[in-house]
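Read the figures in this text as sums done on the coordinates, not as results from a lab. It should be emphasised that the depicted structure is a prediction, and the values quoted were computed from it without experimental measurement. When we count neighbours, we look across all protein chains shown, and the Cβ atoms used for this are built from the backbone with ideal geometry, even at glycine.
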């Protein structure tokens, strides 16, 4: 099981390190309006990014995840993402 580290580098931007069979680094941006669509008041954007990586890792290896992307891109590849993400939020 991979370990996911999320660090907010600036408002709406995050650095993500995934420790799996290989260590990978990713830069992720999250538009506030998009985060609001996916989150309830009990979660924040950092938690959304971590949950999104759990979602992605269930579908592909960390070496296949884009190195830099906006979170909204996920649903282009995985249309079920907006509905499924709530299951990954802890």
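Residues in region 54-90, backbone N under 19 Å from the label point at residue 37 (7 Å along the Cα-to-beta-carbon vector): list them, ranges by number please. Label zone hits: 55-56, 69-89.
Dividing the mean sequence gap of close Cα pairs (under 8 Å, 6+ apart) by how many residues region 22-71 holds gives a relative contact order of 69 percent.
Calculated [222 nm] ellipticity per residue, helices only, for the chain: -8000 deg cm²/dmol; basis is -39500 (n - 2.57) per DSSP H run with n ≥ 4, divided by all residues, nearest 500.
Net length available on complete extension from residue 75 to residue 24 is 16.2 nm, with 0.36 nm assigned per residue and the Cα-Cα distance removed.
Scaling the Cα radius of gyration of region 3-87 by the globular reference 2.2 N^0.38 Å produces a ratio of 0.99.
Between 0 and 90 degrees, the angle of helix 45-57 with respect to the longest Cα principal axis of the chain falls at about 50 degrees.
Measuring nothing but how far apart in sequence close Cα pairs (under 8 Å, 6+ apart) lie, relative to its length, the chain scores a relative contact order of 28 percent. Using 0.36 nm per residue and subtracting the Cα-Cα separation, the extra length available between residue 63 and residue 84 on full extension is 5.4 nm.
Ordering 58-70, 20-32 by mean Cβ neighbour count within 10 Å, with the highest value first, yields 20-32, 58-70.
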